[in-house]
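Worksheet for the structure shown next.
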Amino acid sequence: MQTNKMVATMESEISGNEGIEDTIQMANQAKNLKMIKNFLYKKTISRGIKRVFDIICGCIGAILLIPTSIVVYILSKVLNEHDSSIFYEQLRLGKNGKHFRIYKYRTMVVGADKILQDYLNENPEIKEEFEKTQKLKNDPRITKLGKFLRKTSLDELPQFINVLKGEMSVIGPRPIVDREVELFGNDMEIVHSVKPGITGYWATNGRSATTYEERVQMEKYYVQHFSLWLDIKIFFKTFISVIKKEGAI
């Protein structure tokens, strides 16, 4: 009889402990769920603020585009560099791998792709450099006016139109062309889960002085550590880089 009471008491205690454990587990799950909801809420707010910032900057950029385009047009005629439009369009990969037409000031001669291919075939060492960075230190395709536009990053100014269209953001990973996809490897999906930017973490931290692998890791770091504070730092660092003419080719 006494043994039965002891067994019943033990079963009651075990049942009680299991009940406490279940309660603690449910409380932890509720706490984790609340943390996830708060995280997603903050992310949504941050993205909303980022879009408002993009629209404001896009409007300012579009206004500046008018007088700048007039000056660029006059200079292109004075220097007699080309008879084509001062604007250049190219297909780039945007958010989730969707293609869009990026706008830039023309900085290269007409028929630049063929010139590049011939140049690389004639210079194996330079071809190796290009495959690593997708950049050339002494690019034969770039015009005199183009060098100035690139050094001052003014060639990117038309991309504020892309920002207003919602295809790009002011800050984000730089958009790439199709031939660069394989260079991103398994990180492609992560990096392109956000809109590409006019400037970004990689663009203000070495840019042309880095290898392509380093670029991929920098772009990936930005996406994984996105915050408004990081965007603010990149925004102001961009002005410093432009003034010092760092990293531009």
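The values are calculated or read from the model by the stated rules, or taken from the named source; none is laboratory data. As the structure is a prediction and not an experimental result, all values here were calculated from the model. No Cβ is skipped: glycine too gets one built from the backbone with ideal geometry, and neighbour counts run over all protein chains shown.
Testing THR210 on (1) without any contact (Cβ under 8 Å) to a residue 40 or more places away in the chain; (2) of a type in the set (S, T, N, Q); (3) farther than 24 Å from VAL52 by Cα, one condition comes back false. Which one is that?
Here THR210 meets the rest and fails (1).
All but one of (1) of a type in the set (Val, Ile, Thr); (2) at pLDDT below 95; (3) closer than 30 Å to TYR119 by Cβ hold for ILE102; state the number of the condition that does not hold.
(2)
Check the range 18-28 and report whether any residue there is exposed (fewer than 10 other Cβ atoms within 10 Å of the Cβ), at pLDDT below 80 and of a type in the set (S, T, N, Q).
Looking for residues that are exposed (fewer than 10 other Cβ atoms within 10 Å of the Cβ), at pLDDT below 80 and of a type in the set (S, T, N, Q), one finds none in the range 18-28, hence no.
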